[in-house]
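Structure first, then comments.
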Amino acid sequence: MKKVDVLLGLQWGDEGKGKIVDVLTPKYDVIARFQGGPNAGHTLEFEGIKHVLHTIPSGIFRKNAINVVGNGVVIDPIIFKREITALDKLNVNVSSTLKISKKAHLILPTHRLLDAASEAAKGNSKIGSTLKGIGPTYMDKTGRNGLRVGDFLTEKFKEKYTFLKEKHEQILKQFGAETVSTEVENEWFESLETLKRFELIDSEQYLNNKLKDGRSVLAEGAQGSLLDIDFGSYPFVTSSNTVCAGACTGLGVAPNRIGNVIGIFKAYCTRVGSGPFPTELFDEIGEDLCRIGHEYGSTTGRKRRCGWLDIPALNYAIMINGVTELNMLKTDVLDSFDTIKVCTQYKVNGELTDQMPFDLTETVEPVYIEMKGWKTDLTKFTNGDPLPQELQDYIAFIEEQTGVPISVVSVGPDREQTLFQNVSSITV
Ligand code: GDP
Ligand code: IMO
Ligand code: MG
C-alpha cells in the first residue's frame, strides 16, 4: 500500500506551496487539499500564465492527476464558482479531474458577515482575518451546527440552511451588524449548482482505495504551521490544523499512511495580518524584501510584513510536522543583498533560548548571525548549474541548523525556475 506525501507551509503562509505542488504533480496520481478554504491563495506560473487558486488543489493544470477537495476544507460556493469560471476560460477541463468531499463544510454568506462583525468588535486586537468566513464556519463545524456539501443532496437542505442562517442573524443583531441581502443569498444558492457539476465523493474511501491500488497521493496544505490553531501564534492564527496531523483528519488518512513530509519555507519570512513576528524588519531592508519579492497577499492584496529567516520557528514547525525534506522558495529575492541575516536563537527575559516561548507576543528578541550574500542573478539558473559558493553556504547552514536536507531551491515564480538538489549524501 502506498503512502500519502504531505506538502505544507512552515511559516505564516504564502511560502510558495502552490508553485511546488504544480511542479510535483507529474509524480502523483492524486492531489488532495486537506484544510483551510478561500483564505488561501496559491499562485502558479507557467507558459506566461499566472493563476491564483483558493479552494481547488494546485494540481489542476496537469492532465495526469485527479484533484480532491478533502473533508477538512471549507468551501464558499460563490468563490468556488468563480474559480471554475476562471479555469473554464483557460480551457482547463476539470469536470472529470476534480472531486469534492461530501463531508467538506459550506461557508454561508452569514459566516462571512460574522467574520467581519467579530473582527470589527475586536478593534485594535483584530486577527487580520481574510474575512472569508473561515473562523465562523469551523466554529459551526465543531459546534455541530455546520452544513456540509453532502447535505446539499438531501431534501432537508433548505430547512437546515434557514435554521443556521436565523441563528447567525441573532448573533449579527447582537453585534449591531447588517444581515445578508437577498441578492447575495440568491447568488449563493445559484453557485451551489456549480458544485453539482462535480462528483461529490466520500473522499476518505476514495483516497484509501487509491492507496490500496498502489496510486500515489500528495496532500496539499494551506496557510502555514505558525498559523495552526493549536501550535501557531494563538490567537493570531487561522481556525484549522495546518500541520501534518491535519492531513490525517482532513482526508481520513491514518497516521501510519503518511510518507514524506515536504516542508516549504521562504529564504526569509513574511506574515500578512496581525500577530507576533520576531524577525520582522521595520527598516529599508524590510521594504526591499517586500518590493523585490512582490510581497502582497494573493487573496486580499494586503502588503505582507517581511523579515529575516527564523530558525527557532522553522525548527519548531519541522518538529511538529515531522518534515523529511525542505524546499526553499524565493531564494532569488535575496540575490542583491550584500549580507543576509539569520535568526538562530531568541532572547526572552534576558535568557537565550532555541525554543518557541508559550506566548510569542512576549518580548522576543532575535539573535542573528550574518552571512555573505551571493550577489548573483539566480533567476536564469537551470538544474545542474553550480550554485554560487555563498548560496551553498546558506543552504548548508540551514541544513546543519535543522538537520533536514533542502531538496528544492526555487529561484523564481515560474514552474521552470526550480532547482532540484542532490540530497542523497545528507542523513536525515
Ligand atoms: P502559497 O500560498 O504558499 O501558494 O504562496 P502564494 O502564491 O500566496 O505566494 C507566493 C508568491 O511568490 C507567488 O506570487 C508566487 O508566484 C511567488 N513565488 C513562488 N516561488 C517563487 C520564487 O522562487 N521566487 C520568486 N521571486 N517568487 C516566487
Ligand atoms: P495560503 O494558503 C497567509 C492569515 C490571515 C490572518 C489569519 C487568520 O495562501 O498560505 P483567516 O482568514 O484564516 O481567519 O485569517 O491567517 N492567513 C493567511 N496568511 N497565507 C494564507 O494562506 C493565509 N490564510 C489565512 O492573514 O492573519
Ligand atoms: Mg498564499
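The spread of Cα positions in the chain, taken along each principal axis and listed from longest to shortest, comes to 65, 50, 40 Å.
Given R0 = 35 Å, the distance between the Cβ atoms of ASP202 and LYS167 translates into a calculated FRET efficiency of 0.80. Can you give the FRET efficiency for ALA86 and TYR368, using 1/(1 + (r/R0)^6), R0 = 45 Å, r = Cβ-Cβ distance, to the nearest 0.05? Working from the Cβ atoms, E equals 0.60. According to the calculation over all Cα-Cα pairs in segment 146-219, the P(r) per 10 Å bin from zero is 15, 34, 26, 17, 8, 1 %. Listed peptides 86-92, 42-48 appear in the order 42-48, 86-92 once ranked by packing, highest mean of other Cβ atoms within 10 Å at the front.
With a Förster radius of 35 Å applied to the C-beta separation of TYR296 and LYS3, the computed FRET efficiency comes to 0.45. Extending 7 Å from the Cα toward the beta-carbon at both PHE358 and GLN174 defines two label points whose distance is 2.9 nm.
Multiplying the sequence separation of ASN383 and PHE189 by 0.36 nm and subtracting their Cα-Cα distance, what value in nm do you get? Don't skip to the end; give the middle numbers.
Details: separation 194, 0.36 × 194 = 69.84 nm, distance 4.84 nm.
Gain in length upon complete extension: 65.0 nm.
Each peptide in 392-400, 377-385, 265-273 gets a packing score, the mean of other Cβ atoms within 10 Å over its residues, and the list from highest to lowest is 265-273, 392-400, 377-385. Computed over the alpha-carbon pairs of segment 130-257, the distance histogram in 10 Å steps reads 10, 30, 34, 22, 4, 0 percent, short to long.
Would you list TRP188, TRP12 from fewest to most Cβ contacts within 10 Å?
Numbers: TRP188 21, TRP12 27.
By the 10 Å Cβ count, ascending, the order reads TRP188, TRP12.
Model label points for ARG215 and LEU153, set 7 angstrom from Cα along the Cα-to-Cβ axis, are 1.7 nm apart.
Could you pull out the pairs from LYS63/LYS210; LYS347/LYS375; LYS99/LYS266; LYS50/LYS375; LYS17/LYS50; LYS330/LYS372 whose alpha carbons sit more than 21 Å apart here? From LYS63/LYS210; LYS347/LYS375; LYS99/LYS266; LYS50/LYS375; LYS17/LYS50; LYS330/LYS372, over 21 Å: LYS347/LYS375; LYS99/LYS266; LYS50/LYS375.
Given a cut-off of under 8 Å on Cα pairs at least six residues apart, what relative contact order in percent is computed for segment 1-46? So the answer I get is 42 percent. Residue-wise HN-Hα couplings along segment 33-40, as the Karplus relation 6.51 cos²θ - 1.76 cosθ + 1.60 with θ = phi - 60° gives them from phi, are 6, 10, 7, x, x, x, 5, 7 Hz; Gly and Pro carry x. Here CYS306, CYS343 are placed in order of increasing Cβ neighbour count within 10 Å, fewest first, which gives CYS343, CYS306.
Could you tell me which of rounded, prolate or oblate describes segment 1-109, using a ≥ b ≥ c as the square roots of the eigenvalues of the alpha-carbon gyration tensor, with rounded for a/c under 1.5 and, failing that, prolate when a/b is larger than b/c and oblate otherwise?
On the way: a/c = 1.20, a/b = 1.07, b/c = 1.13.
Since a/c stays below 1.5, the shape of segment 1-109 is classed as rounded.
Using Cβ counts within 10 Å as a stand-in for footprinting exposure, how do GLU183, GLU199 rank, fewest first?
Numbers: GLU183 9, GLU199 12.
Fewest-to-most Cβ neighbours within 10 Å comes out as GLU183, GLU199.
Once backbone amide H atoms are built at 1.01 Å from N, TYR296 has ARG304 as its partners under 5 Å, excluding neighbours fewer than 5 places away on the same chain.
Quick note: the coordinates plus some simple rules give every number you see, no bench work behind them. Keep in mind that this is a model prediction, so the values were computed, not measured. All Cβ positions, even for glycine, are placed from backbone atoms using ideal geometry, and neighbour counts span all protein chains on display.
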